[in-house]
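Trainee: Below is one structure. I have some questions about it.
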């Protein structure tokens with residue numbers, strides 16, 4: 001099961017980092033952000049922000065950055081998934097702060113992106129393993145294939 005790592009990690013669970021993606025700011029192609037050489041949290045907070053629903057990758061981390069800097073983001077609406085967020089952007093409803101894998105310039109022709117890795121932590125996807133269960137050979141082989149640099153079944 002792939003989950004976002006949480007500050008409330010139970011002792012019975014082990015997280016193995018699978019992938020890490022920098023954050024990007026996505027916006028409609030004719031948006032004023034397109035002309036900006038650099039972005040800041042204050043600048044982003046001036047625009048309506050389209051976010052994902054609670055529980056999806058990275059939403060909490062993005063809000064936390066704004067809160068730590070005493071900046072109130074202008075949340076326009078929450079969408080159920082990344083594709084719906086991008087449709088909202090195409091219709092000019094706002095901007096979004098999402099993991100870089102959500103943007104494909106070949107597909108998302110009405111959207112532009114700018115790197116936001118200097119403002120927000122990366123989006124990290126982890127493989128979650130129960131410490132209480134013995135892992136089958138199939139699962140061990142899967143982990144060896146997916147995360148060979150991190151997989152060490154002796155540590156579980």
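The values are calculated or read from the model by the stated rules, or taken from the named source; none is laboratory data. All figures in this text were calculated on a predicted structure; none of them were measured in a lab. Glycine gets a Cβ as well: all are built from the backbone with ideal geometry, and neighbour counts include every protein chain shown.
Trainee: Take the residues in the range 34-45 that are closer than 23 Å to residue 83 by Cα and surrounded by fewer than 19 Cβ atoms within 10 Å (Cβ to Cβ), then tell me which one is modelled with the lowest pLDDT.
Mentor: Step by step, filter the range 34-45, then rank; the result is 34.
Trainee: So is residue 78 farther than 25 Å from residue 31 by Cα, touching a strand residue (DSSP E or B) at 6+ places or on another chain (Cβ under 8 Å), surrounded by 15 or more Cβ atoms within 10 Å (Cβ to Cβ) and touching a residue at least 24 places away in the same chain (Cβ under 8 Å) or not?
Mentor: no
Trainee: Are any residues in the range 54-88 in a loop (DSSP other than H, G, I, E, B) and either under 15 Å from residue 99 (Cβ atoms) or in contact with a helix residue (DSSP H, G or I) (Cβ under 6 Å, 6 or more places away or on another chain) (or both), and if so, which ones?
Mentor: Of everything in the range 54-88, those that are in a loop (DSSP other than H, G, I, E, B) and either under 15 Å from residue 99 (Cβ atoms) or in contact with a helix residue (DSSP H, G or I) (Cβ under 6 Å, 6 or more places away or on another chain) (or both) turn out to be 55, 56, 57, 58, 69, 71, 73, 81.
Trainee: The conditions are (1) at pLDDT below 90; (2) closer than 19 Å to residue 59 by Cα, and residue 93 fails exactly one of them. Which is it?
Mentor: Only one criterion is unmet by residue 93, namely (1).
Trainee: Tell me which residues, restricted to the range 100-151, are assigned to a loop (DSSP other than H, G, I, E, B), in contact with a strand residue (DSSP E or B) (Cβ under 8 Å, 6 or more places away or on another chain) and more than 30 Å from residue 89 (Cβ to Cβ).
Mentor: Selection gives 131, 135, 147, 150, 151.
Trainee: Sticking with this one: Just name the residue that is modelled with the highest pLDDT out of those in the range 46-59 that are surrounded by 19 or more Cβ atoms within 10 Å (Cβ to Cβ) and farther than 19 Å from residue 93 by Cβ.
Mentor: So the residue we want is 58.
Trainee: Residue 102 is checked against (1) closer than 29 Å to residue 29 by Cα; (2) surrounded by 18 or more Cβ atoms within 10 Å (Cβ to Cβ); (3) out of contact with any helix residue (DSSP H, G or I) (no Cβ under 6 Å at 6 or more places or on another chain); (4) at pLDDT below 95 and fails just one. What number does that condition carry?
Mentor: (3)
Trainee: Another question, if that's okay. Please go through the range 1-33 and pick out each residue that is in a strand (DSSP E or B), at pLDDT 80 or above and over 21 Å from residue 88 (Cα atoms).
Mentor: Scanning the range 1-33 gives 13, 14, 15, 16, 17, 18, 19, 20, 21.
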